[in-house]
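Notes follow the structure.
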Amino acid sequence: MSDQEHPESPDFLPLRLWDLFMHPFRLMDNVGRWPKWWHAGLLILLINGVATTWVGPVVLEEYRTSSRSSQLGSLVSREQVEASLEKAMDSGERNKIGSILSTGLNSWAVTIVFSLVLGFFVKMAGGKGSFPQALGIVHWAALIPYGLGTLIKLPLVLSTGEYARITLSPAAFLPTEAVGNFFFVMLANFAEVTIWWGLLVVVVGFEKVFGLDRGPAFLSVVLPWALATGVMAGFRLVFGF
């Protein structure tokens, strides 16, 4: 039976997570009726808050190293950078709960902003859904990169002691000396497997819930994402991290 033949399927968290990976059309049918975007948001907060706290020392050490050889050094003195990094690390060690909430809320805030931006673009393309539904579509789909992707990367970062090199994209096959160069950054930002998987689920959601054809739904999702990703990639190239 197809996903479309289950409009009144049971709807609870474990089933939504199952449907996210196995039956995205059925998931988006339920999201259209009950967005429950804050449920997915709390999972994003928890997973990313805990993961970022665990890998924090690795991230800060890489940032410390990269800042010494990047253009950031011409804007801020090395002593200022070192002091701010030490303060951030000490603060995180003293207040684990606060650190988890802070980093987790950052991930959730990004998801909310991206949801509203995509909702605006999709409505401009003729979509008939609501912004709460847009929040639900993007939040549940975001659990693929922010949930599954994070859980896959976490043990790799902890076991290798590397952060910037760990990517679920073809950039992972490049030599170590390529980390941070233009080709590596472009692949890592634009070819991440879990991100594209999540984007395709978002397209399914706007197609099902907002009534858009697949082409307009795809363009309304991918173009804003590509623009935002390009800005982030440029920042990483300029500042070296």
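The values are calculated or read from the model by the stated rules, or taken from the named source; none is laboratory data. The structure presented is a predicted model; accordingly, all values stated were derived computationally and were not measured. FYI the Cβ positions are ideal-geometry reconstructions off the backbone, even for glycines, and counts take in every protein chain you see.
The table below gives the values:
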read-out: Sole residue being touching a Gly at 6+ places or on another chain (Cβ under 6 Å), part of a helix (DSSP H, G or I) and modelled with pLDDT under 75, chosen from SER66, SER84; value: SER66
read-out: Total residues in region 200-223, condition under 17 Å from GLN133 (Cβ atoms) and part of a helix (DSSP H, G or I); value: 13
read-out: Residues being hydroxyl-bearing (Ser, Thr, Tyr) and buried (at least 17 other Cβ atoms within 10 Å of the Cβ) - total across region 127-172; value: 5
read-out: Of all residues making up region 173-192, the number that are in a helix (DSSP H, G or I) and crowded, with 16+ Cβ neighbours inside 10 Å; value: 7
read-out: Filtered residues of region 123-181 (kept if more than 18 Å from LEU42 (Cβ to Cβ) and of a type in the set (S, T, N, Q)); value: SER130, GLN133, SER159, THR160, THR167, SER169, THR176, ASN181
read-out: Filter pass, ALA164 being farther than 28 Å from ASP19 by Cα, under 19 Å from the mean Cα position of the chain (by Cα) and not in a helix (DSSP H, G or I); value: yes
